[in-house]
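The values are calculated or read from the model by the stated rules, or taken from the named source; none is laboratory data. Predicted model, so just to flag it, every value in this text is computed and none were measured. All Cβ positions, glycine included, derive from the backbone under ideal geometry; neighbour counts span all protein chains shown.
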Amino acid sequence: MKIHREGTNILILLFLVLGVLNIPVWLFMPPYIIPAIFSAISIIMYLFVFNFFRCPLRHYAGPRKNMVISSVDGKVVAIEKVYEPEYLKSEAIMLSVFMSPLNVHANWYPAEGTVEYVRHHRGRFLSAYLPKASTENERSTIGIVTESGMRIMARQIAGAMARRIVTYARRGHNASIDGHLGFIKFGSRVDLYLPLDTEILVGMKQIVRGGVTPVARLKPPTEK
């Protein structure tokens with residue numbers, strides 16, 4: 001299991017801090033029951049953070065043309081028609097996936113194409129489950145032109161626990177389903193904005209995996 005680069009320094013620092021805290025507990029707090037409990041709590045805490053920063057290697061084996069793949073691991077919490085004023089500037093289908101702290105938090109590109117737009121917005125840290133989190137929370141917007149010339153958008157959204165969004169995508173970058181567009185630390189959500197005639201392949205509350213689960217099929221201009 002690979003550890004994401006965003007977690008390497010955090011895990012090293014946490015290991016050192018927990019080690020420093022455990023040494024005096026074992027030296028100066030007999031009997032052994034209290035140090036044992038303290039060490040057990042430290043191990044559980046470390047394993048929780050270690051689990052959060054895991055980064056499985058994934059390769060999408062299915063057809064890629066006109067396909068939209070989930071950007072993240074989590075649960076589908078919204079599929080609805082909205083107006084998207086920032087990049088698409090039109091009505092679109094918003095498909096939202098919520099990540100709990102137990103999910104992998106690496107973010108994959110949802111489709112093959114080219115990054116056309118990237119912008120970070122400061123904001124609040126409401127629960128990522130709330131509908132208004134899409135427009136009020138700290139967030140990053142990534143606009144992608146697919147290989148068929150269609151525009152779609154991914155939005156990384158910070159949650160109540162997530163205080164840092166990392167976006168690797170840059171304008172002009174190639175977008176690949178197997179590539180990471182970013183990372184969100186400690187619980188969050190990613191919204192995908194797709195054309196209205198997109199065929200949605202998942203349902204509400206469905207569990208999806210980033211870089212693996214097809215969530216939609218785009219209808220290219222030749223099929224309209």
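Counting residues that are more than 17 Å from the chain's Cα centre (by Cα) and at pLDDT 90 or above, which strands (runs of 3 or more DSSP E) fully inside the range 113-172 reach at least 3? If you could, list the steps in order and put the result at the bottom.
Numbers: elements: 113-121, 139-146, 151-158, 165-167.
Once the strands (runs of 3 or more DSSP E) in the range 113-172 are filtered for at least 3 residues that are more than 17 Å from the chain's Cα centre (by Cα) and at pLDDT 90 or above, what remains is 113-121.
Looking at the range 13-29, can you tell me whether even one residue there is in contact with a Gly (Cβ under 9 Å, 6 or more places away or on another chain) and either surrounded by 10 or more Cβ atoms within 10 Å (Cβ to Cβ) or in the same structural domain as residue 101 (by TED's automatic domain parsing) (or both)?
The first filter runs over the range 13-29 and keeps only residues in contact with a Gly (Cβ under 9 Å, 6 or more places away or on another chain), leaving none.
No, the range 13-29 has no match at all.
Looking at 216, 169, which one is closer than 19 Å to residue 81 by Cα, of a type in the set (Gly, Ala, Ser) and either in the same structural domain as residue 86 (by TED's automatic domain parsing) or touching a residue at least 40 places away in the same chain (Cβ under 8 Å) (or both)?
Step by step, each of 216, 169 is checked, and only 216 is closer than 19 Å to residue 81 by Cα, of a type in the set (Gly, Ala, Ser) and either in the same structural domain as residue 86 (by TED's automatic domain parsing) or touching a residue at least 40 places away in the same chain (Cβ under 8 Å) (or both).
So, restricting to strands (runs of 3 or more DSSP E) that lie completely within the range 44-105, which ones have at least 3 residues that are surrounded by 13 or more Cβ atoms within 10 Å (Cβ to Cβ) and under 15 Å from the mean Cα position of the chain (by Cα)? Explain how you work it out, then say what you get.
Values: elements: 67-69, 74-84, 90-99.
Those strands (runs of 3 or more DSSP E) span 74-84, 90-99.
Pairs, please: C-beta under 6 Å, at least 6 apart or cross-chain, first residue over 12 Å from residue 112 (Cβ atoms) and in the range 48-65, second surrounded by fewer than 15 Cβ atoms within 10 Å (Cβ to Cβ) and of a type in the set (Asp, Glu)?
59/178
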